[in-house]
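Here the structure comes first, spelled out in structure tokens, and everything after it is commentary.
Please treat every number below as a calculation from the coordinates, not as lab data. Everything numeric here is computed off the predicted structure, so don't read it as measured data. Here Cβ is always computed from backbone atoms with ideal geometry, including for glycine, and neighbour counts include all displayed protein chains.
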Amino acid sequence: PNDVQALCDEDGRLPLDIAREFLTRCGLLPSYFDQWLERIGRFRSFGTDWLLWTGSIADKCVGVLAVRGVPTDAETLVEEVGEGHSAVGTRNRLSEDSRVMRVNRNEWALRTWGLEEYSGIVDEIAQRIEERGGRAKLDDLAMEISSRFGVRESSVRVFAAAPAFVLEDGMVRLRGLDEPYEVR
């Protein structure tokens, strides 16, 4: 089993043609390939790929993401893994795993895909303010962050009123260290 597992890519994926070639060289009859991969090799079939089905829920989700090829929510990943894990626990495991990242409020992707990481509304507001030279129009921020990350525009507006920011005439900027926030 270790020899065939070594043929997997970094996401635990083993293309069917590579598995067949390996098992043929080992002298296994083609009628036994699937059974061997599942029972001995510890793989699970996903279309034209086999995924190494060992390790943690995060390891399995990485494989599922690799096969799916698109950002996916934790509920769908848990369903595809099919082992009864909770979506909340899975989100926690994924947030700790350096191979994956959140790309919007609900979906996860492999870091290797090169997508923009969603780090939360406050961070997204701050990042865009800095990109625009220190000030940004709140309406533009609300629309952009909402459409990009699937959060409500009203949520962006609420977070823009947080102590980290200063709202002036429809513009938002970062609060300076010399500008105390007065609690009402």
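Would you mind computing, in nm to one decimal, how far apart the modelled labels at Glu153 and Glu182 are, each placed 7 Å from Cα along Cα→Cβ?
Simple spin-label model gives 3.1 nm for this pair.
Calculate how steeply helix 138-149 sits against the longest principal axis of the alpha-carbon atoms of the chain, using the helix alpha-carbon long axis, and give the answer as 0 to 90 degrees to the nearest 10.
10
Could you give the angle, 0 to 90 degrees to the nearest 10, between helix 57-68's Cα long axis and the longest principal axis of the Cα atoms of the chain?
Once rounded, the angle reads 90 degrees.
Bin width 10 Å, alpha-carbon pairs only: give the P(r) of the range 25-120 as whole percents, running from 0 to the bin holding the largest distance.
Percent of Cα pairs in each bin: 15, 45, 25, 11, 3, 0.
Compute the length gained on full extension between Arg175 and Leu115: take 0.36 nm times their separation in residues and subtract their Cα-Cα distance, giving the result in nm to one decimal. Working shown, then result.
Details: separation 60, 0.36 × 60 = 21.60 nm, distance 2.90 nm.
Fully extending the segment from Arg175 to Leu115 adds 18.7 nm.
Using the Karplus curve 6.51 cos²θ - 1.76 cosθ + 1.60 with θ = phi - 60°, work out ³J(HN,Hα) for each residue of the range 108-124 in order, rounded to whole Hz, and write x for Gly and Pro.
Here the 3J(HN,Hα) series is 10, 9, 6, 4, 5, 6, x, 7, 6, 7, 8, 10, x, 4, 4, 5, 5 Hz.
Using the charge dipole of the chain (Lys, Arg: +1 at Cβ; Asp, Glu: -1 at Cβ; taken about the Cα centre), state which of Ala87, Gly120, Phe33 has its Cα farthest towards the positive end.
Working it through, the farthest residue towards the positive pole turns out to be Phe33.
So if I take the centroid of the Cα atoms in the range 90-140 and the same for the range 147-172, what is the distance between those two points in Å?
15
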